[in-house]
1. Taking into account only those residues within region 76-95 that are modelled with pLDDT of 85 or more and in contact with a helix residue (DSSP H, G or I) (Cβ under 6 Å, 6 or more places away or on another chain), which is surrounded by the fewest Cβ atoms within 10 Å (Cβ to Cβ)?
2. Any chance region 151-166 includes a residue that's outside any helix (DSSP H, G or I) and without any contact (Cβ under 8 Å) to a residue 40 or more places away in the chain?
3. Of all residues in region 109-118 being in contact (Cβ under 8 Å) with a residue 40 or more places away in the chain and crowded, with 16+ Cβ neighbours inside 10 Å, which is farthest from F173 (Cα to Cα)?
4. With farther than 12 Å from A174 by Cα and touching a helix residue (DSSP H, G or I) at 6+ places or on another chain (Cβ under 6 Å) as the only criterion, which of S136, S143 stands out?
5. So F131 clears everything in (1) without any contact (Cβ under 8 Å) to a residue 40 or more places away in the chain; (2) part of a helix (DSSP H, G or I) except one condition, right? Which one?
6. Only one of (1) open to solvent by less than 60 Å² (accessible area, probe 1.4 Å); (2) part of a loop (DSSP other than H, G, I, E, B); (3) at pLDDT below 90 fails for D98. Which number is that?
7. Just checking, which of S136, S143 is in contact with an Asp or Glu (Cβ under 7 Å, 6 or more places away or on another chain), open to solvent by 30 Å² or more (accessible area, probe 1.4 Å) and not in a strand (DSSP E or B)?
Amino acid sequence: MPSDLVSLADASSILGVSSERVRQLVVAGDLPAQRFGNAWAVPMDAIVARRHSARSGGRPLGAVRAWRELVDGDIDLGRPGRYQRRAEVVRCEMGEADFESLPGAVGALMGGVRAAIGFGASLIAADDRDFYLSRSAFGQLDSLVAAVPDPLGQIRLRVVDDDAWGIISGGEFAPRGAVALDLLDSSDPRHWIAAEGLVADA
């Protein structure tokens with residue numbers, strides 16, 4: 001079985017539902033799957049997407065309110081969809097020197113796995129990299145660094161509305177709550193565990 005596919009039993013464990021419920025979702029076409037003889041396997045990215053959408057209940061918060069809750073540490077990781085308006089994600093590629101210059105050039109704050117490690121999480125640095133920056137700084141980016149837009153790029157620039165940026169700017173890392181949400185975007189269960197630890201330690 002390819003490494004990005006998991007059994008129905010594993011999918012049920014990750015989603016927190018019974019194997020029979022996962023089978024129902026597969027048969028109904030609500031969860032993509034591949035059949036291998038008598039066994040079904042589900043793509044991990046579909047499980048991650050289902051996990052997030054199933055718990056997203058409620059209307060998403062506006063950017064300012066989302067950031068206030070994140071900065072205050074008042075976050076519900078079971079409902080990550082509430083915070084989706086905190087930033088627009090732009091994926092790109094850029095050279096190492098340009099990437100390293102972002103904090104000084106545009107006041108960007110590190111997010112994702114690298115920020116989690118900075119907060120003390122026991123994770124291994126990933127190839128993917130996250131930075132939060134203001135919308136006005138993003139508008140100036142082309143004149144400062146060579147960033148190539150790429151929907152599959154390893155660098156995620158999380159662009160925050162200017163009216164919300166004042167709530168979070170300053171320091172080296174994005175707030176713990178935001179970093180925890182970044183980790184929930186991963187398909188790696190170790191990152192989900194680290195996300196819960198970041199919020200618990202806040």
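The values are calculated or read from the model by the stated rules, or taken from the named source; none is laboratory data. Just so you know, these numbers come straight off a predicted model, no measurement behind them. For neighbour counting, all protein chains shown are included, and Cβ atoms are generated from backbone atoms with ideal geometry for every residue, glycine included. With ligands, DNA and RNA removed, areas are computed over all heavy atoms of the protein, side chains included. Shrake-Rupley method; radii C 1.70, N 1.55, O 1.52, S 1.80 Å.
1. R85
2. no
3. V113
4. The match here is S136.
5. Failed condition: (2).
6. (2)
7. Residue meeting the stated conditions: S136.
Okay, residues lined up against (1) modelled with pLDDT of 90 or more; (2) crowded, with 19+ Cβ neighbours inside 10 Å:
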residue: D161; (1), (2): yes, no
residue: W165; (1), (2): yes, yes
residue: G170; (1), (2): no, no
residue: A174; (1), (2): yes, yes
residue: G177; (1), (2): yes, yes
residue: P189; (1), (2): no, no
